[in-house]
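The next block holds one structure in the form of structure tokens; read it before the comments.
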Amino acid sequence: IFGQINAQVSKNYSVGVSASYAGYNTDKVEEAWNLPQLKANLFGDFKFSDKWFGGLNFFYIGERKDMLQSNVAAVPSGEVTLKGFFDANAHVGYNLSDRFTVFLKANNIASQDYERWYSYPVQQIQVLGGLTYKFDF
């Protein structure tokens with residue numbers, strides 16, 4: 001089941017929320033590995049002026065099962081439950097002209113320590129900045 005609501009609050013401001021709930025048929029396998037039953041997302045985009053824009057994205061990924069497979073005798077193989085997690089991302093940009101834009105993005109703003117997949121931890125806060133150019137073909 002999936003649902004999404006978007007609202008254009010004004011010409012400069014839009015918000016939305018989405019959520020999905022999934023039930024998996026596991027007749028042929030033990031579990032639906034790495035597939036959460038619940039996902040949710042809250043997002044907003046803002047235009048502060050003719051030149052400045054930005055946005056926020058908050059999301060949740062629910063608990064999911066993974067399999068630890070080990071060839072080492074001291075580490076037994078077996079099922080592992082990964083906890084659900086929240087994450088927050090933001091971006092801001094400035095239009096230098098019709099073609100050039102400078103931007104800055106931040107992911108995992110709260111520096112959450114979680115694993116997207118077992119034994120694959122996410123990086124702490126990540127920041128990316130850059131310049132884009134639009135070609136006119």
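The values are calculated or read from the model by the stated rules, or taken from the named source; none is laboratory data. Worth saying up front: this structure is predicted, and the values here are computed from it rather than measured. Note: ideal-geometry Cβ built from the backbone for every residue, glycine included; neighbour counts use all protein chains shown. Keep in mind that these areas ignore ligands, DNA and RNA; they rest on the heavy atoms of the full protein, side chains included. Shrake-Rupley method; radii C 1.70, N 1.55, O 1.52, S 1.80 Å.
Based on what the data block shows, is Phe86 part of a strand (DSSP E or B) and open to solvent by 70 Å² or more (accessible area, probe 1.4 Å)?
So Phe86 fits the description; yes.
Let me confirm something: among Arg99, Arg64, which residue is more than 22 Å from Gly130 (Cα to Cα), out of contact with any Gly (no Cβ under 7 Å at 6 or more places or on another chain) and among the basic types (Lys, Arg)?
Unique residue meeting the criteria: Arg64.
Take segment 102-117 and flag every residue that is farther than 28 Å from Asn34 by Cα and in contact with a Phe, Trp or Tyr (Cβ under 7 Å, 6 or more places away or on another chain).
Val102 - this is the single residue of segment 102-117 that is farther than 28 Å from Asn34 by Cα and in contact with a Phe, Trp or Tyr (Cβ under 7 Å, 6 or more places away or on another chain).
So, of the residues in segment 72-94 that are among the hydrophobic types (A, V, I, L, M, F, W, C) and modelled with pLDDT of 85 or more, which turns out to be farthest from Leu131 (Cα to Cα)?
Val80
Please specify each residue of segment 95-134 satisfying the condition of being open to solvent by 70 Å² or more (accessible area, probe 1.4 Å), aromatic (Phe, Trp, Tyr) and at pLDDT 95 or above.
Phe100, Tyr133
Just to verify a result, which residue in segment 1-16, among those that are over 23 Å from Arg116 (Cβ atoms) and polar (S, T, N, Q), is least open to solvent (accessible area, probe 1.4 Å)?
Ser14
Which pairs turn up if I take residues in segment 48-63 that are over 23 Å from Ser10 (Cα atoms) and look for partners that are open to solvent by 70 Å² or more (accessible area, probe 1.4 Å) and aromatic (Phe, Trp, Tyr) with beta carbon separation below 6 Å, at least 6 apart in sequence or on another chain?
Pairs found: Tyr60/Phe86.
For Asn95, only one of the following conditions fails: (1) more than 28 Å from Ala7 (Cα to Cα); (2) polar (S, T, N, Q); (3) in contact (Cβ under 8 Å) with a residue 40 or more places away in the chain. What is its number?
Only one criterion is unmet by Asn95, namely (1).
Tally the residues that are surrounded by fewer than 12 Cβ atoms within 10 Å (Cβ to Cβ), at negative phi and not aliphatic (A, V, I, L, M), restricting the search to segment 60-78.
Adding up the residues that qualify gives 5.
Among the residues of segment 67-82, is any over 25 Å from Val122 (Cβ atoms) and either touching a His at 6+ places or on another chain (Cβ under 9 Å) or of a type in the set (Phe, Trp, Tyr) (or both)?
no
Please indicate, with yes or no, whether at least one residue in segment 17-31 is in contact (Cβ under 8 Å) with a residue 24 or more places away in the chain, within 27 Å of Lys134 (Cβ to Cβ), touching a Gly at 6+ places or on another chain (Cβ under 9 Å) and open to solvent by 60 Å² or more (accessible area, probe 1.4 Å).
no
Filter segment 32-59 down to the residues that are among the hydrophobic types (A, V, I, L, M, F, W, C) and not in a strand (DSSP E or B), then identify the one that is least open to solvent (accessible area, probe 1.4 Å).
Ala32
In this structure, is Asp45 of a type in the set (Asp, Glu) and farther than 19 Å from Arg116 by Cβ?
yes
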